[in-house]
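Single-structure report; data block below.
The values are calculated or read from the model by the stated rules, or taken from the named source; none is laboratory data. Just so it is clear, the structure is predicted and the values come from calculations on it, not from any experiment. When we count neighbours, we look across all protein chains shown, and the Cβ atoms used for this are built from the backbone with ideal geometry, even at glycine.
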């Protein structure tokens, strides 16, 4: 694939992740459930990682800062799920 196509697809992924975060934050505002807030933050971090790649280095996904952002995002998702299940138990 060409670098322009890779950059475009990363920008599309960043936009989709940002919109998912907006929806989760809207649900959080209505319900005040922490799960939605953490999911919204996680999706915004994923969107940030894809936007960063799209703007600055589309062909270098192996950079540590990209993995660091994604690691934090997935840890937020795991924490949200664990906390939600412990509250219900």
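Only one of (1) modelled with pLDDT under 95; (2) loosely packed, with under 15 Cβ neighbours inside 10 Å fails for residue 22. Which number is that?
With respect to (1) modelled with pLDDT under 95; (2) loosely packed, with under 15 Cβ neighbours inside 10 Å, residue 22 is out only on (1).
What do you reckon, is residue 4 farther than 25 Å from residue 79 by Cα and either in contact with a strand residue (DSSP E or B) (Cβ under 6 Å, 6 or more places away or on another chain) or exposed (fewer than 12 other Cβ atoms within 10 Å of the Cβ) (or both)?
Yes; evaluated as a whole, the condition is true for this residue.
For the list (1) touching a residue at least 40 places away in the same chain (Cβ under 8 Å); (2) outside any helix (DSSP H, G or I), I need the number of the one condition that residue 11 fails.
Of (1) touching a residue at least 40 places away in the same chain (Cβ under 8 Å); (2) outside any helix (DSSP H, G or I), only one is false for residue 11: (2).
Yes or no, residue by residue, for (1) outside any helix (DSSP H, G or I); (2) farther than 19 Å from residue 22 by Cβ; (3) touching a helix residue (DSSP H, G or I) at 6+ places or on another chain (Cβ under 9 Å):
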site: 36; (1), (2), (3): no, no, yes
site: 40; (1), (2), (3): no, no, yes
site: 43; (1), (2), (3): no, no, yes
site: 51; (1), (2), (3): no, no, yes
site: 67; (1), (2), (3): no, yes, yes
site: 76; (1), (2), (3): no, no, yes
site: 79; (1), (2), (3): no, yes, yes
site: 82; (1), (2), (3): no, yes, no
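Being farther than 17 Å from residue 70 by Cα and part of a helix (DSSP H, G or I) is the filter here; which residues of the range 20-34 pass it?
Within the range 20-34, 22, 23, 24, 25, 26, 27, 28, 29, 30, 31, 34 qualify.
Tell me yes or no: at least one residue of the range 28-37 is within 15 Å of the chain's Cα centre (by Cα), within 26 Å of residue 7 (Cα to Cα) and either in contact (Cβ under 8 Å) with a residue 12 or more places away in the chain or surrounded by fewer than 14 Cβ atoms within 10 Å (Cβ to Cβ) (or both).
At the first step, the residues of the range 28-37 found to be within 15 Å of the chain's Cα centre (by Cα) are 35-37.
Right, trim to within 26 Å of residue 7 (Cα to Cα) and you get none.
Looking for residues that are within 15 Å of the chain's Cα centre (by Cα), within 26 Å of residue 7 (Cα to Cα) and either in contact (Cβ under 8 Å) with a residue 12 or more places away in the chain or surrounded by fewer than 14 Cβ atoms within 10 Å (Cβ to Cβ) (or both), one finds none in the range 28-37, hence no.
Within the range 53-65, can you find the residues that are assigned to a helix (DSSP H, G or I) and in contact with a helix residue (DSSP H, G or I) (Cβ under 9 Å, 6 or more places away or on another chain)?
Across the range 53-65, the qualifying residues are 53, 54, 55, 65.
Could you tell me whether the range 38-58 includes any residue that is exposed (fewer than 13 other Cβ atoms within 10 Å of the Cβ), within 24 Å of residue 3 (Cβ to Cβ) and within 13 Å of the chain's Cα centre (by Cα)?
no
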